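Comments concern the structure below.
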Amino acid sequence: MRAIWKGAVSFGLVSIAVKLYSATEEKDIRFHQVHRADGGRIRYKRTCQVCGEEVSYDDIAKGYDIGGGEMVILTDEDFADLPLSTSHAIDVLEFVPAEQVDPILYNKAYFLEPEGTATKPYLLLRDALTDSERVAIVKVALRQREQLATLRVREGVLLLNTMLWPDEIRKPDFGFLDEDLKIRPPELAMATSLIDSMAGDFHPDEFNDDYRAALQEVIDAKVEGREVVQPEEVEEAPAAAVDLMAALKASVERAKAARGEAPAGGGAEPTPISSARSAQKKAAEKKATKAPAKKAPAKKTAEKKTTAKKAQPAKKTAEKKATKTAKKTTPRKSA
């Protein structure tokens, strides 16, 4: 990994020199826009809308549209005078319980590595955060922008999570929130039962990006010049159930069956899932009953082998008789 930022974490009178590394990376397969006929890359020119001339990066400034066709142009000097904290400091503001930070606020993640002789205070802050079960709320300036962030521990390393500002989080404004729709207690109990039957521990390594893997296979096939294999069709999702309770009950039974658990109450009424399984079992038994009828060819083959074995001794007997007859008819030679 390559460090993208150097600075120091400051809390109280303690200063810890650190290097910043991106903790995540996008695995999306990226494409270039090309000419379909010859594969040539498509290039875009930066042209001025007023004079039509091509503009270099050095002549490009930032402009803010104030409406009415008027534009305020800001220069580097304008940005330099802004009240931005030093770009080489991570200032700890406070330590809060981790559960108080809403995950929707998290933006990007970065690893922090101690630099030079800062290893001991780095480890001190790491262990103190672990023991306190809290995260540090900090302010940091990255890419000329001040950001709110948290410091927490992950796999023995300090992790910086930049956060969105509260006013950057949109409020949900949907019509159904104002509807007076009541949920019946039995429905809620069944939904809770479904959640319990599907409960487990989260292991992110068990999940894969199937779309990216399939797209990579298509690309590899194009490169190798082989035929692209069509993936198997996925079963269509079941239609939406009209009866919510029936759908929840069936979902609970399916989740239990997947875990190998026996359904509660052996004499319960059959559900759509159990009925389908019974039908499949009966079809399999019926197929197994008809299977012996296909053994007739094997019997004929056995008969052919028996006939061949019987015919072979008869042939040998005929040969012996012919030999004896030849010996009797052959005249003896005179001495």
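One table, with the values for the structure above:
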| read-out | value |
| --- | --- |
| Qualifying residue in the range 74-88 (condition: in contact (Cβ under 8 Å) with a residue 24 or more places away in the chain and open to solvent by less than 40 Å² (accessible area, probe 1.4 Å)) | yes |
| Residues (open to solvent by 80 Å² or more (accessible area, probe 1.4 Å) and either part of a loop (DSSP other than H, G, I, E, B) or of a type in the set (D, E, K, R) (or both)) located in the range 53-68 | Glu53, Glu54, Asp58, Asp59, Ile60, Lys62, Asp65, Gly68 |
| In the range 29-47, residue nearest to the chain's Cα centre (by Cα) [restricted to those that are assigned to a strand (DSSP E or B) and surrounded by 10 or more Cβ atoms within 10 Å (Cβ to Cβ)] | Val34 |
| Output for the range 1-28, where each listed residue is of a type in the set (A, V, I, L, M, F, W, C), in contact (Cβ under 8 Å) with a residue 60 or more places away in the chain and either under 19 Å from Ala136 (Cα atoms) or loosely packed, with under 12 Cβ neighbours inside 10 Å (or both) | Met1, Ala8, Val9, Phe11, Val14, Ile16, Ala17, Val18, Leu20, Ala23 |
| The lone exception for Val50 - which of (1) over 34 Å from the mean Cα position of the chain (by Cα); (2) among the β-branched types (Val, Ile, Thr); (3) within 26 Å of Ala3 (Cα to Cα); (4) not in a strand (DSSP E or B) it fails | (3) |
| Given (1) under 24 Å from Ser22 (Cβ atoms); (2) out of contact with any Phe, Trp or Tyr (no Cβ under 7 Å at 6 or more places or on another chain), index of the condition Gly52 fails | (1) |
| Identity of the residue in the range 134-172, among the acidic types (Asp, Glu) and at pLDDT 90 or above, that ends up least open to solvent (accessible area, probe 1.4 Å) | Glu168 |
| Asn107 at pLDDT below 95, surrounded by 12 or more Cβ atoms within 10 Å (Cβ to Cβ), closer than 18 Å to Trp5 by Cβ and polar (S, T, N, Q) | yes |
| Residue in the range 45-63 that is more than 24 Å from Asn107 (Cβ to Cβ) and either in contact with a Leu (Cβ under 8 Å, 6 or more places away or on another chain) or in contact (Cβ under 8 Å) with a residue 40 or more places away in the chain (or both) present | yes |
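The values are calculated or read from the model by the stated rules, or taken from the named source; none is laboratory data. It should be emphasised that the depicted structure is a prediction, and the values quoted were computed from it without experimental measurement. Using ideal geometry, Cβ is built from the backbone for each residue, glycine included, and neighbour counts are taken over all protein chains shown. What goes into the accessible areas is simple: the full protein's heavy atoms, side chains included, and nothing from ligands, DNA or RNA. Shrake-Rupley method; radii C 1.70, N 1.55, O 1.52, S 1.80 Å.
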